[in-house]
Amino acid sequence: MSEIDAKHTEPVPDSSRDRRVDERHFACFPAHIQRSGGSTRMALIRDLSVSGALLFTRSRLSVGDELQLSLYLREDVTEVRPVAARVLRVEPLTADRAEVWHFRAAVQFDEPLGECEEEIKDIASRQAALGLPRD
C-alpha cells in the first residue's frame, strides 16, 4: 500500500463547527509535526490563524490525532513556537498535486495564539508583497 493511499484517511464532512472563526492568513512556511509516540516529520503551513492552520504533510494523519507542532513564525528560525493541536480534517491531495506533500490537514490549536497574531500577519504580508500565487 502506498504512502498516498487515501483508504486510511478519515475525511470529515464540511461543517461550520470545523471552520475557523479567526481571520486566516495565507502564509506558507515550514513546520514540524509530532504525534504522541511518533517521530518528528516536516509539514508546510498553507494558511494560519490564531486558532488553527491548514497544513500539507507526507504523514498519514487521522481526524482526532493530537499533535505537537513546531512553528517558525519569526525571521530567526532558531525561535520555535511550540503549539499543541488536534486534527479536524484530512484530505488526500490529487496525484497532480501530490509530488511532495500527500495530504492536506486542518488542525485546531488547543490554545489560541493571540500573542502571535502580529507575527502571523507579518509573514502573510511579506509573502503577499512577493506576489506569490496562492495555489
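The values are calculated or read from the model by the stated rules, or taken from the named source; none is laboratory data. This one's a predicted model, so the numbers in the text were calculated from it and none came from an experiment. Cβ placement follows ideal geometry from the backbone for every residue including glycine, while neighbour counts extend to all protein chains displayed.
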- Message: Return the residues of region 106-129 that are in contact (Cβ under 8 Å) with a residue 60 or more places away in the chain, surrounded by 15 or more Cβ atoms within 10 Å (Cβ to Cβ) and hydrophobic (A, V, I, L, M, F, W, C); say none if nothing qualifies.
- Response: 106, 113, 116, 120, 123, 124
- Query: Limited to region 53-86, what total is found for residues that are part of a loop (DSSP other than H, G, I, E, B) and of a type outside the set (Val, Ile, Thr)?
  - Reply: 13
- Item | residue 86 closer than 17 Å to residue 111 by Cβ, surrounded by fewer than 21 Cβ atoms within 10 Å (Cβ to Cβ), modelled with pLDDT of 95 or more and of a type in the set (D, E, K, R) | yes
- How about region 38-52: which of its residues are in contact (Cβ under 8 Å) with a residue 24 or more places away in the chain and not in a strand (DSSP E or B)? 49, 50, 51
- Message: Out of 97, 89, 60, I need the residue that is farther than 22 Å from residue 114 by Cβ and in contact (Cβ under 8 Å) with a residue 60 or more places away in the chain. Which one?
- Response: 89
